[in-house]
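The values are calculated or read from the model by the stated rules, or taken from the named source; none is laboratory data. On a predicted model such as this, the values are computed, not experimentally measured, just so you know. Counting neighbours? That spans all protein chains shown, and the Cβs are built from the backbone with ideal geometry, glycine included.
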Amino acid sequence: MITIKFSDPNTRLKALGFLMGQFSGRALKTGEVLVPEIALQALAHEGFQFTVLGKSTYEQQIAAFRDIVTSTV
């Protein structure tokens, strides 16, 4: 997985909508998005501008699961 960031929230939302049906990935609260390498080419082909931050870390990959609110038992 590769960590990317979009220049503004509006572009991020449009790109996430584009990615949803085609690729797996995670959107983090920090504004970063984790996508497979193949998704980079598809995003660029569609004209989305983004910055590649590098390979995602293990902590980033599981952050989406940690952020899920669970009920207290």
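Go through the range 24-73 and give me each residue that's among the aromatic types (Phe, Trp, Tyr) and either surrounded by fewer than 14 Cβ atoms within 10 Å (Cβ to Cβ) or modelled with pLDDT under 80 (or both). Give the steps one after another, and end with the answer.
Step one: of the range 24-73, the residues among the aromatic types (Phe, Trp, Tyr) are 48, 50, 58, 65.
Passing the criteria: Tyr58, Phe65.
Which of the residues belonging to the range 9-54 are basic (Lys, Arg) and touching a residue at least 24 places away in the same chain (Cβ under 8 Å)? Even if it seems obvious, please write down each step before you answer.
In the first step, residues of the range 9-54 are kept if they are basic (Lys, Arg); the result is 12, 14, 26, 29.
Correct list: Lys14, Arg26, Lys29.
For the range 5-30, what are the residues that are within 9 Å of the chain's Cα centre (by Cα) and closer than 15 Å to Glu59 by Cα?
Scanning the range 5-30 gives Gly25, Arg26, Ala27, Leu28.
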